[in-house]
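The values are calculated or read from the model by the stated rules, or taken from the named source; none is laboratory data. Because the structure is predicted, anything quoted here is derived from the model rather than measured. Note: ideal-geometry Cβ built from the backbone for every residue, glycine included; neighbour counts use all protein chains shown.
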Amino acid sequence: MTAIFKKELRSYFTSPVGYVCAAVLFALYGFYYYSVMLVGSTYYIAAGVYSSMFIWSMMILPILTMRSFSEEQKNKTDQALLTAPVGTGSIVLGKFLASAAVYGIIMLGSLVPAVVLSFFSAPNWALIAGTVFGSFLYGAAMLAIGIFISSLTQSQIVAAIGTFGVSILLVIVDQFSGMAGNETAAKILNWLSFNSRYTPFTNGIFNFASIVFFLSVAAVFLFLTARKLESRRWN
Amino acid sequence: MIEVKNLTKRYGSNLALNHISFTLEEGTILGFLGPNGAGKSTTMNIITGYLSPTEGSVTVGGFDTLENPMEAKKRIGYLPEIPPLYNDMTVREYLSFMYELKKVKLPKKEHIAEICALVKIDDMMNRLIANLSKGYKQRVGIAQALLGNPPVLILDEPTVGLDPKQIIEIRNLIKSLGQKHTVILSSHILPEVQAVCDRIIVVNRGAIVADGTPDSLAHDLSRENRLLVRMEGAESDLHTALQAIPGVEHVTNLGEKEPGVYEFSVEGAEHTDLRRPVFDAAAQHHWPILGMKSSDLTLEEVFLRLIGGETSEEAEPEEKEAAV
């Protein structure tokens with residue numbers, strides 16, 4: 001697992017993928033921090049920066065995972081992984097942790113303006129930390145979904161667009177709940193929505209159910225990916 | 001070392017492997033021979049655990065590849081048909097990754113250096129794999145399979161893409177590896193298999209059609225004893241004289257090859273040498289022999305005969321009859 005983790009992490013930063021994703025997100029973080037500073041209150045860091053960044057992060061995350069297994073399948077390098085004395089579980093986990101590490105680095109980087117602001121003001125660190133933690137959770141769930149989708153296809157483009165589709169759906173699904181005439185349907189849609197799961201974090205609510213939700217989503221999709229790799233042997 | 005039992009693989013309704021069984025002792029080099037799509041790669045992929053068989057089992061070093069995959073995989077070094085290389089890595093980075101992935105316990109630096117010297121890639125260590133030529137990529141693939149000195153090496157077409165000098169080098173390398181390792185290599189190049197392997201299994205359409213040493217295969221299949229003779233003289237006299245030689249079972253006239261010169265195919269009983277009686281008969285009548293060769297089957301012909309199954313064997317006798 002560590003071998004795969006190291007290799008994946010390396011490949012994020014020897015190819016432009018890691019840098020491009022980080023650069024785009026940092027630029028957007030910069031913009032939202034700027035607008036918070038215009039307002040002149042660090043209170044808005046959680047609600048203004050991180051909650052606006054939710055949608056952009058969801059758009060960028062599919063790029064991080066699109067080549068995960070697609071490229072291995074296309075170049076037949078999966079033969080090396082699957083014939084090595086390593087379980088499919090550790091292969092998947094290694095890849096997932098590497099992408100989560102990249103996203104984690106981006107999240108830490110996003111805190112730089114907040115740290116700078118703390119020299120001049122007293123931001124509410126508990127609120128910010130909770131929000132960053134929440135961002136990391138939905139990110140992890142989204143990365144797991146992306147890795148799963150990339151294990152379904154040999155084409156990075158198909159994996160990226162497929163993951164975009166799912167990610168957009170998860171962002172807007174709570175908007176359908178208003179339209180759903182049925183109350184149970186509305187509840188389920190709300191329950192599924194990453195947006196309504198994440199928003200409480202930006203308001204300073206540490207929602208245990210949401211933590212479990214995101215972690216479960218990640219676990220389920222990692223499990224499915226491992227099964228998918230295993231099942232390829234039986235085709 | 002390797003025991004393959006009743007291996008069957010179906011892709012939907014397509015039967016890729018049909019009840020293949022064989023066992024391999026330690027220190028044998030087995031050549032897997034067959035035309036494209038015969039099931040060579042599928043068999044290798046199953047032995048290495050990349051694919052699962054529909055039926056049957058494989059044990060490597062006593063460990064079943066399905067029940068105890070980790071132990072079985074530890075004992076195998078595999079070079080797939082397309083070497084599994086990461087183009088964005090240097091050779092050193094790649095081998096170091098594979099070393100860790102395979103959980104090799106040997107001293108890392110020395111072990112990698114030793115293997116690189118063996119396959120002669122030590123001067124390419126810091127090159128990006130993407131920039132290597134096909135031959136070097138193939139060698140990096142072989143190096144990767146050798147990491148950890150696994151007792152079993154499975155090499156799918158190891159010399160593809162190499163130049164003639166490299167091919168000889170790699171063949172010698174495989175030969176020397178065969179002293180300590182059990183090697184399975186696949187190829188559709190006959191001389192290669194003939195030169196390197198102790199044992200050959202010929203597969204066609206997912207089934208084993210022949211199994212033996214290179215010599216025994218050629219011998220078994222060339223039981224018929226055939227001589228091609230070119231003689232000058234009157235056609236019918238020649239024919240009757242040849243037919244009259246004791247031990248000759250069948251004489252076929254292959255036609256006039258030069259003015260007044262006829263070629264005959266003379267077939268005799270098993271393991272009789274017809275060359276001397278034919279010479280004696282010709283000397284008796286003062287018919288000059290302008291050419292004579294015994295048509296022992298080469299491995300190439302054996303192979304074509306085996307895999308040609310329905311096509312060539314049926315077609316050949318018809319042609320012969322037409323020639324008569």
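Every condition in (1) more than 14 Å from B:Gln144 (Cβ to Cβ); (2) at pLDDT 90 or above is met by B:Tyr86 except one, and the failing one is (1).
To keep it simple, each residue is scored yes or no on (1) over 26 Å from the mean Cα position of the chain (by Cα); (2) at the interface with chain A (Cβ under 9 Å from one of its Cβ atoms).
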| residue | (1), (2) |
| --- | --- |
| B:Gly56 | no, no |
| B:Glu67 | yes, no |
| B:Ile76 | no, yes |
| B:Met89 | yes, yes |
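Quick check on region A:91-123: of everything there that is surrounded by fewer than 15 Cβ atoms within 10 Å (Cβ to Cβ) and not in a helix (DSSP H, G or I), which residue is modelled with the highest pLDDT? Selected residue: A:Phe119. Only one of the numbered conditions (1) within 12 Å of chain A (Cβ to nearest Cβ); (2) buried (at least 22 other Cβ atoms within 10 Å of the Cβ) is violated by B:Glu100, and that is (2). You will find that of B:Lys165, B:Lys120, the residue that is assigned by TED's automatic domain parsing to the domain that holds B:Pro80 and outside any helix (DSSP H, G or I) is B:Lys120 and no other.
Of everything listed in (1) within 12 Å of another protein chain (Cβ to nearest Cβ); (2) among the β-branched types (Val, Ile, Thr); (3) not in a helix (DSSP H, G or I), the single unmet condition for A:Thr42 is (1). When region A:1-59 is filtered for residues that are exposed (fewer than 14 other Cβ atoms within 10 Å of the Cβ), over 19 Å from the mean Cα position of the chain (by Cα) and among the aliphatic types (A, V, I, L, M), the ones remaining, listed by number, are A:Leu38, A:Val39. Looking only at residues of region A:67-89 that are in a helix (DSSP H, G or I) and closer than 22 Å to A:Gly18 by Cβ, we find that the one that is farthest from the other protein chains (Cβ to nearest Cβ) is A:Ser70. Restricted to region B:118-153, and to residues there that are of a type in the set (Gly, Ala, Ser) and at pLDDT 90 or above, the residue that is farthest from B:Lys102 (Cα to Cα) is B:Ala130. If only residues of region A:178-199 that are in contact (Cβ under 8 Å) with a residue 60 or more places away in the chain and not hydroxyl-bearing (Ser, Thr, Tyr) are counted, the one that is nearest to the other protein chains (Cβ to nearest Cβ) is A:Phe194.
Output yes when any residue across region B:29-38 is of a type in the set (Phe, Trp, Tyr) and either touching a Gly at 6+ places or on another chain (Cβ under 6 Å) or within 10 Å of chain A (Cβ to nearest Cβ) (or both), and no when none is. If you could, list the steps in order and put the result at the bottom.
Filtering region B:29-38 down to residues of a type in the set (Phe, Trp, Tyr) leaves B:32.
Okay, now just the ones that are also either touching a Gly at 6+ places or on another chain (Cβ under 6 Å) or within 10 Å of chain A (Cβ to nearest Cβ) (or both), so none.
Looking for residues that are of a type in the set (Phe, Trp, Tyr) and either touching a Gly at 6+ places or on another chain (Cβ under 6 Å) or within 10 Å of chain A (Cβ to nearest Cβ) (or both), one finds none in region B:29-38, hence no.
For region A:184-235, which positions are under 17 Å from the mean Cα position of the chain (by Cα) and part of a loop (DSSP other than H, G, I, E, B)? Within region A:184-235, just A:Ser193 meets the criteria.
Evaluating A:Ser57 against the criteria (1) closer than 19 Å to A:Ala159 by Cβ; (2) within 14 Å of another protein chain (Cβ to nearest Cβ) leaves one unmet condition, (2).
Within region A:8-22, the set of residues being part of a helix (DSSP H, G or I) and either within 14 Å of chain B (Cβ to nearest Cβ) or at pLDDT 95 or above (or both) comprises A:Glu8, A:Leu9, A:Arg10, A:Ser11, A:Tyr12, A:Phe13, A:Thr14, A:Pro16, A:Val17, A:Gly18, A:Tyr19.
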